[in-house]
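Have a look at the structure below, then the notes.
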Ligand SMILES: Nc1ncnc2c1ncn2[C@@H]1O[C@H](COP(=O)(O)OP(=O)(O)OP(=O)(O)O)[C@@H](O)[C@H]1O
Ligand SMILES: [Mg+2]
């Protein structure tokens, strides 16, 4: 598959402080790529370098095959990318339409192109009801819609979003997320985003986890879960049954708390075999799959999986 | 639409729609008018009556003196307020948003300066109209076409000088907090540095020299000469000595160690200052965005 972002040994120093320490990764065309990491991990720094806003200290970045760095190349890259910043960057006293058309006009589009693009963003972000409203009077969710519309008014092929959902209420987060997914699926736009929310990263095609300027893990949500989490089976035994000795007999790894036994299983399917063995002794059970939250916590705590 | 035109248009809308910003950009004008109404006008009339007998033209002349000060102050405060948009954009990442478009940073920066010139010019013209109405209302006469052309020319010089001078100051700060302090300092100092709050003759000699060296005060001098010449000739008719004393005391023209500055000297000084502040700004800008 075609690579749209190819990063090799990218690093950034602020004075003597190395915020990004030689990271490498690739993003495929049309992918939803998530950059995960705690505060200060270097996500924003990385994204700003990719967006030509911050000069890299060293390393190679290719976006759509174009090497980042020279002025002409950066202009080519800027035409191909859209950026949604964490904070609002539209003017509060201008209407949504004025805002977006003013920003769209800086891309040297013809009148016709701009008109077509305006219809395009309207379609994806449903701006009709807010187009004539002043940006400053909008709700958080409506603002985010306008922000994303601004970022794609020139129909970029790659959309960068730095924490697009941080600070939004759950309902708005879902809306923003749906809009992003729809853009990716219907227009094959490559989406590159950073987030603190694990459940968001879980729907990404590819995840990179950063910690203190380094990539500590990468893969699909599935492979990361396999690597960093395990599934668990929770059982309650019938009265009078000695759960501890039963489980020990079966050579299972477990922990007990208030009568609830927590059994680590290789996968949810394996829980089935155990349940078959124990079915006459247990009163209730529950099987839980490892979550992205677990992945994140494990990676950051550096708790090795035994 | 052309990128530059579009950017200027956007900055302009942002300025116009911020009523408070517009209001504060002309706040010092209101202060001048109040100070004038309360005491400057009366003390000046009294001072002149010591020199020559009172005449009808006297009040008009003093009104014109104030108007001259107003016009040079408007140019400074409005261009500075317009540049405030640049600092705000810098701090709120709007600038970063502009920089994700295929446009040079210098071009984007220039758009703020053009907008500042535009706003300064338009608000100064509105100021000029208001001043003309005020003068006529107070018993003065309408300006001749020649005078209007001359005044517009001086406005163009004053706005350009103020804009590049303020650009230089603006490039020294990078936060909205620092900018608002700068705004207060400039708004307060400019009335003194142009000899509007206190006439030149009323301050110690070294302060007079500072004022004379301050390039923007030369725009006030040009405005005074253009606005007051007819009235001056009438009020001080047959009293050239008194006329000269007044003109020097009230900064209608400057005299530096017995050398008199002509209007042309002031124009040359202003143009030179425009060039110098432009070059310093370019240098500062280059240093900041290395
Ligand atoms: N302009 C700067 N000058 C100096 N250090 C900086 C600058 N910007 C960021 N840093 C430092 O670089 C490191 C990475 O910051 P960055 O903003 O990239 O983190 P992040 O992963 O985006 O964090 P968050 O989740 O809080 O947004 C931090 O230690 C930060 O303090
Ligand atoms: Mg960040």
- Do we find that residue A:139 is out of contact with any strand residue (DSSP E or B) (no Cβ under 9 Å at 6 or more places or on another chain) and within 16 Å of ligand 2 (Cβ to nearest atom) in this structure? no
- Within the stretch A:94-106, identify whether any single residue is over 22 Å from residue B:96 (Cα atoms) and either away from ligand 2 (no atom under 16 Å from the Cβ) or touching a residue at least 24 places away in the same chain (Cβ under 8 Å) (or both), and answer yes or no. no
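Tally time: how many residues in the stretch A:24-50 are within 15 Å of ligand 2 (Cβ to nearest atom) and closer than 13 Å to residue A:10 by Cβ? Before the answer, list the steps.
Here is the first cut: in the stretch A:24-50, the ones within 15 Å of ligand 2 (Cβ to nearest atom) are A:34-50.
Now narrow it down to the ones that are closer than 13 Å to residue A:10 by Cβ: A:35, A:42-43, A:45-50.
Within the stretch A:24-50, residues that are within 15 Å of ligand 2 (Cβ to nearest atom) and closer than 13 Å to residue A:10 by Cβ number 9.
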- Please report, ordered by residue number, the helices (runs of 4 or more DSSP H) entirely within the stretch A:33-134 with at least 2 residues that are more than 11 Å from chain B (Cβ to nearest Cβ), within 16 Å of ligand 1 (Cβ to nearest atom) and in contact with a strand residue (DSSP E or B) (Cβ under 9 Å, 6 or more places away or on another chain). A:43-50
- Message: Which condition from (1) within 14 Å of ligand 1 (Cβ to nearest atom); (2) more than 14 Å from every other protein chain (Cβ to nearest Cβ); (3) in contact with a strand residue (DSSP E or B) (Cβ under 6 Å, 6 or more places away or on another chain) is the one that residue A:8 breaks?
- Response: (1)
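Taking the conditions exactly as written (assigned to a helix (DSSP H, G or I) and within 29 Å of residue B:21 (Cβ to Cβ)), does residue B:245 satisfy them or not? Reasoning before the result, please.
Values: assigned to a helix (DSSP H, G or I): yes; within 29 Å of residue B:21 (Cβ to Cβ): no.
Here the answer is no, as residue B:245 does not meet what is asked.
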- Examine the stretch A:177-184 for a residue that is within 24 Å of residue A:27 (Cα to Cα), in contact with a strand residue (DSSP E or B) (Cβ under 6 Å, 6 or more places away or on another chain), within 16 Å of ligand 2 (Cβ to nearest atom) and modelled with pLDDT of 90 or more, and state whether such a residue exists. no
- Message: List pairs: first residue in the stretch B:125-137 and over 15 Å from residue B:68 (Cβ atoms), second residue assigned to a helix (DSSP H, G or I) anywhere in the structure, Cβ distance under 9 angstrom, at least six positions apart or on different chains.
- Response: B:125/B:152; B:125/B:155; B:126/B:74
- Query: Does any residue in the stretch A:39-60 that is closer than 15 Å to residue A:17 by Cα come within less than 6 Å, Cβ to Cβ, of a residue that is away from ligand 1 (no atom under 11 Å from the Cβ) and assigned to a helix (DSSP H, G or I) six or more places away or on a different chain, and which pairs are these?
  - Reply: none
- Could you tell me whether residue A:19 is assigned by TED's automatic domain parsing to the domain that holds residue A:191, within 16 Å of ligand 2 (Cβ to nearest atom) and surrounded by 14 or more Cβ atoms within 10 Å (Cβ to Cβ)? yes
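Quick test for you: out of B:85, B:48, B:108, B:73, pick the one residue that is under 26 Å from the mean Cα position of the chain (by Cα), away from every other protein chain (no Cβ under 14 Å) and within 26 Å of residue B:177 (Cβ to Cβ).
So the residue among B:85, B:48, B:108, B:73 that is under 26 Å from the mean Cα position of the chain (by Cα), away from every other protein chain (no Cβ under 14 Å) and within 26 Å of residue B:177 (Cβ to Cβ) is B:73.
What residue, of B:201, B:238, is at positive phi and at pLDDT below 95?
Numbers: B:201 fails: at positive phi.
It is B:238.
The values are calculated or read from the model by the stated rules, or taken from the named source; none is laboratory data. As the structure is a computational prediction, the values presented were derived from the model and not from experiment. Here the Cβ is made from the backbone with ideal geometry for all residues, glycine too, and neighbour counts use every protein chain on show.
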